Each structure stands twice: as structure tokens, then as C-alpha cells.
Amino acid sequence: MTAYARFLAGHPGYAATRGLDALRAAEYGRLDAQRQVYLDYTGGGLHADSQVREHAQLLGEHVCGNPHSANPSSAETTRQVERTRAAVLAYFNGTGEYTAVFTLNASGALKLVGESYPFEPGGRLLLTVDNHNSVNGIREFARAKGARVDYAPLQTPELRLDAPALDALLAEADPARANLLAFPAQSNFSGVRHPLTLIATARSRGWHVLLDAAAFVPTNRLDLRATMPDFVTVSFYKMFGYPTGVGCLLVRNALLDRLRRPWFAGGTVNFATVQGRLHVRSPREAGFEDGTLDYLGIPAVEIGLRHLERVGMETIQARVHCLTDWLLTELLALRHGNGHPLVRLYGPASSVERGGTLAMNFYDPDGHLLDYRRIEELAGRERISLRTGCFCNPGAGETAEGLTEDDMRAGTAEGAAITLPRFREIIQHRGGKSAGAIRVSLGLASNFADVERFLQFAAGFRDQATLAVGAVSFDIESCRVIRDGS
């Protein structure tokens, strides 16, 4: 029986997603034409050809100018931006309950929350160890305003939230103060889907909740009325690839008046005076959209949302689930001739409550870590796009590899002279630990052939000693796109 036949026998639900194969041929044909295996959907989604064509047609049919005016070209731009804003709210089922603020990306949306949230002495910021650095950065705003900052730990080896520890931290808050819990709906490191029921639990105890949905919404439906987070952040390029310069902050309307910007800019004020040194902030989303929006790119967001609706989120989710389950099983089965495992997976070893993001490292027959940078280099030669590093999520990586506070202090003892390669050397000498991992992630255009090619690539390291695999031969540290990307 072929691998594909075995896969279909174990995953009969995959048959219902075969329409995605025709879609891939029609809309993502460049993948197969170039023999590319794209396994970096958590880093960024791929755009369909029709998205670009439809956007180009829209731009060709209209004269669009800077929206901060009442002239005809500005009015047309404003109409398109507001139509897209309404489409975003409708897609997430937030119309009437939420306000959509356009930003450059999810990081920009998170910064808006951090700088505007009313942190105060006696208030709290509770982060999870599994958070993107753009969420971790909010702690600097909280500290500056005197709020206490805590981290809820993860349980190993599955890297799920430690529920008892989290529950205890939630119980410590004073409901009369401003308290903010921030966590990801899906980990960009391990693929773990954290329980959205946590939102209601936290809110019932006097917490506001910030949900980082960037890694979740490309393959899952988020219903704002069903979950009711106070803030949600997304990047649209992670959902459908194009455009790449537009993100969004979704704010529950009841919270808008509690947010206070520490500054103002063009577009965010109704009135400002130099002589009087006063300003009047614009209401609602206008008070948060600094400068001039990407007014030509924003209409492409509605086109992308329509594309996802036509494809069907349930279909995307089913395909990613089937492929992820197979990939997990096959990777864990890879063994060297002496029986030692080739792959160490971080996070859940099953597809239960997890998305299509897998973090791992490869080891030689004697249990020595293979340099993940070398793995990426060799994958690139096979036209396989994956990602390595800590993926801007240091907490999950540290927990996965068992790094301690002493390890981190040893790694940073060299001060400003420390570099990632040097840190990696120090950590390896302190017990063979890794300071990073290999990540593969699946998405809308993934198919069985992609997964099988990666499995064949991974199997090629069976019985390969570290010296035989070799060291990285190009200056990966100078490559901005893979330095430590999300």
C-alpha cells in the first residue's frame, strides 16, 4: 500500500477537501510549477492569483486619493475603506459590538493596546509564557505605569497552559483596578490551541482580555459574539497572503472610552492648536489610526476575506487537521538504526486541540543535536521553505527545551557582545540544549505531496552523524527574513 493510500485510509475526511487541489492548481500553480514546498504558513499565508487580479481591477476602475479630505477621490477612498471595515467586523461577527482599527500588522495593534490601556499601581498585566514578543513587549508599558507583571507557566511536554497556576494568578487581581490578561488563541511556536473559554473565566474575575489571534484565524473561525474578548489582534497577510501591510485591532465598544493615547498624530485629532497647545482626539477608530492609512491596500482585505469565504474555513481546517495528524505520526516514527529517535517534537504529539504548526529538532544516532540552521540550509536546496529560530516566542522555546533562568543568565553574561551563535554555543555546552528549533506549518494550499516531501527530507537524516551533516555554510545571521521571524 502506498503512503498516500495509507494516509487516506486513516483520514477519510480528507476526501471532502479535494476541491482544494483544484484550487491549488488554479490559484497557487506557481508552487508546483517551481516545485516549491511551502511550509511556513504561520510566517505568512500565500495569496491566490485572483486576489491580485481583482485588486488590480479595482484600482484601475477608481481614482483614489488621500482620504483626509472631502474631494471626490478622497470620498471614494473613504467609501472603500469603510466598506472593508464593515466586512472585517461582519467576518468576525462583531458588527455593533466591536470597533475595527486598521494598523500596519498585529504588532502595531498590540502596541496600540499597550500604550493606551489604563495600567495603574495595584493593577495587573498577566501574560502567558507562550506569547509572541509583540505581546511580551506590552509589559514595558505596564511597568512604566506601576502595574504588576506576571507570567502564567506552561506544562511540559505538551506546552499547554498550567491551568491551576493560571487560575491562582487570576484570583489575585483586585477587580476594582485595571487588569489585563493577554494570551494567544494558537501558539505560533507549538501550534497549541489554548482554550477560548479562558476569556469568560478571566472576565468574570475582573480582568480584561487581549486575544492574539494572528496564528489562529488563518485556519479557524473566530466568532467574537461567542467568545467576547475585549481586544483582538490579527495580521491579514497571515490569513490570505495579500496585502502584507495591513493588520487590525478589534476593540469591544465598551472598552473604547477607557483607552487613552499618550500622543496624537495626523488623522487622530479633530482639532489641534500650536498656540493653545491643545488637541481634541477623534472619536472611535479615527483616534487610533495614525497618519494616512494604507488606503490602496485596505480594499484588498475585503477581497481576501471573500476568498476565504468561498473556499470555506471548515474545509481548510479539515485539510490542515488531516495533514497535521499524519505528519505528527510519521515524524515520531522516524528512528535511527540503533532505535534512537531522529526527531524531537515540542508540544502535543497528537492533533487534539492543536493547529498545523509543528516545532521540532533533529538529532543524530548518538543523541547529538543537529544544527537547525544547517537543516534549513539543506531544506532550501530541496526547495522546501520552513523556518528556524525561536519564532519571536522565547518563552515557549525556553520551556520546550528546559532552559532555566541560570541558563539565560549564563548566555547573557557577556553583555552587549553576546550574539545568537555565541548564545547557542553556551547553551549547548550547558547540557546539549538548543536555543531554537525547526518549524513547519500548514495552510490553505497545503497538500499531501508537500507533507510527504518533507517527511522524505527528514528521513534522509537517518543514521547521519553530526559531522556528516555538516555545519551551516552561509551567513544565516545576516538574512533579515529568517533572523528570528514570527
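Of all residues in the stretch 185-208, which are under 17 Å from ASP130 (Cα atoms), in a loop (DSSP other than H, G, I, E, B) and either not hydrophobic (A, V, I, L, M, F, W, C) or not assigned by TED's automatic domain parsing to the domain that holds LEU127 (or both)?
SER187, ASN188, SER190, GLY191, HIS194, PRO195
Restricting the stretch 251-290 to residues that are at pLDDT 80 or above and either hydroxyl-bearing (Ser, Thr, Tyr) or part of a strand (DSSP E or B) (or both), which is nearest to ALA142 (Cα to Cα)?
Ranking the qualifying residues of the stretch 251-290, first place goes to VAL251.
Pairs, please: C-beta under 8 Å, at least 6 apart or cross-chain, first residue of a type in the set (Gly, Ala, Ser) and in the stretch 374-385, second at pLDDT 95 or above and part of a loop (DSSP other than H, G, I, E, B)?
Final answer for the pair search is ALA379/LEU386; SER385/GLN36; SER385/LEU39.
Hey, can you tell me all the residues within the stretch 1-16 that are under 30 Å from the mean Cα position of the chain (by Cα) and without any contact (Cβ under 8 Å) to a residue 24 or more places away in the chain?
Across the stretch 1-16, the qualifying residues are LEU8, PRO12, ALA15.
Of all residues being buried (at least 16 other Cβ atoms within 10 Å of the Cβ) and without any contact (Cβ under 8 Å) to a residue 60 or more places away in the chain in the stretch 307-340, which is farthest from the chain's Cα centre (by Cα)? Just the residue, please. Step through it out loud before you land on a result.
Restricting attention to the stretch 307-340, the residues satisfying the condition of being buried (at least 16 other Cβ atoms within 10 Å of the Cβ) are 307-308, 311, 313, 315-328, 330-332, 336.
Then keep just the ones that are without any contact (Cβ under 8 Å) to a residue 60 or more places away in the chain; that gives 328, 332.
Numbers: LEU328: 20, LEU332: 25 Å.
Step by step, filter the stretch 307-340, then rank; the result is LEU332.
If we keep just the residues of the stretch 366-388 that are under 22 Å from the mean Cα position of the chain (by Cα) and β-branched (Val, Ile, Thr), which is surrounded by the fewest Cβ atoms within 10 Å (Cβ to Cβ)? Steps first, please.
Initial filter on the stretch 366-388 (under 22 Å from the mean Cα position of the chain (by Cα)): 372-373, 376, 384-388.
Now drop any that are not β-branched (Val, Ile, Thr), which leaves 384, 388.
Details: ILE384: 21, THR388: 23.
Out of the qualifying residues, it is ILE384.
Check whether at least one residue in the stretch 122-135 is of a type in the set (Asp, Glu) and surrounded by fewer than 20 Cβ atoms within 10 Å (Cβ to Cβ), and report yes or no. Give the derivation first.
Residues of the stretch 122-135 of a type in the set (Asp, Glu): 130.
Narrowing further to those that are surrounded by fewer than 20 Cβ atoms within 10 Å (Cβ to Cβ): none.
No, the conditions are met nowhere in the stretch 122-135.
Tell me, which helices (runs of 4 or more DSSP H) wholly within the stretch 96-145 include 3 or more residues that are under 15 Å from the mean Cα position of the chain (by Cα)?
Values: elements: 106-116, 133-136, 138-144.
It comes to 106-116, 133-136.
From the list ARG85, ARG30, ARG24, which residue is assigned to a helix (DSSP H, G or I), without any contact (Cβ under 8 Å) to a residue 24 or more places away in the chain, closer than 30 Å to THR357 by Cα and basic (Lys, Arg)? Full working, then the answer.
On the way: ARG85 fails: without any contact (Cβ under 8 Å) to a residue 24 or more places away in the chain; ARG24 fails: without any contact (Cβ under 8 Å) to a residue 24 or more places away in the chain.
Just a single option satisfies the conditions, and that option is ARG30.
Going through ALA459, ALA396, ALA445 one at a time, which residue ends up being at pLDDT 75 or above and not assigned by TED's automatic domain parsing to the domain that holds PHE7? Don't jump to the end; show me each part of the working.
Details: ALA459 fails: not assigned by TED's automatic domain parsing to the domain that holds PHE7; ALA445 fails: not assigned by TED's automatic domain parsing to the domain that holds PHE7.
Just one listed residue meets the conditions, ALA396.
Return a yes/no flag: does the stretch 96-115 have any residue that is crowded, with 17+ Cβ neighbours inside 10 Å, in contact with a strand residue (DSSP E or B) (Cβ under 8 Å, 6 or more places away or on another chain), at pLDDT 95 or above and more than 21 Å from VAL234 (Cβ to Cβ).
Checking the stretch 96-115: not a single residue is crowded, with 17+ Cβ neighbours inside 10 Å, in contact with a strand residue (DSSP E or B) (Cβ under 8 Å, 6 or more places away or on another chain), at pLDDT 95 or above and more than 21 Å from VAL234 (Cβ to Cβ).
Hey, does the stretch 34-51 have a residue that's in a helix (DSSP H, G or I) and aliphatic (A, V, I, L, M)?
Going through the stretch 34-51, the residues in a helix (DSSP H, G or I) turn out to be 49-51.
Subsequent filtering for residues that are aliphatic (A, V, I, L, M) retains none.
No, there is no match, as no residue in the stretch 34-51 is in a helix (DSSP H, G or I) and aliphatic (A, V, I, L, M).
Taking ASP371, is it of a type outside the set (A, V, I, L, M, F, W, C) and modelled with pLDDT under 90? Don't jump to the end; show me each part of the working.
Working: of a type outside the set (A, V, I, L, M, F, W, C): yes; modelled with pLDDT under 90: no.
When the stated conditions are applied, ASP371 does not pass them.
The values are calculated or read from the model by the stated rules, or taken from the named source; none is laboratory data. Just so it is clear, the model here is predicted, and its values are computed rather than measured. Counting neighbours? That spans all protein chains shown, and the Cβs are built from the backbone with ideal geometry, glycine included.
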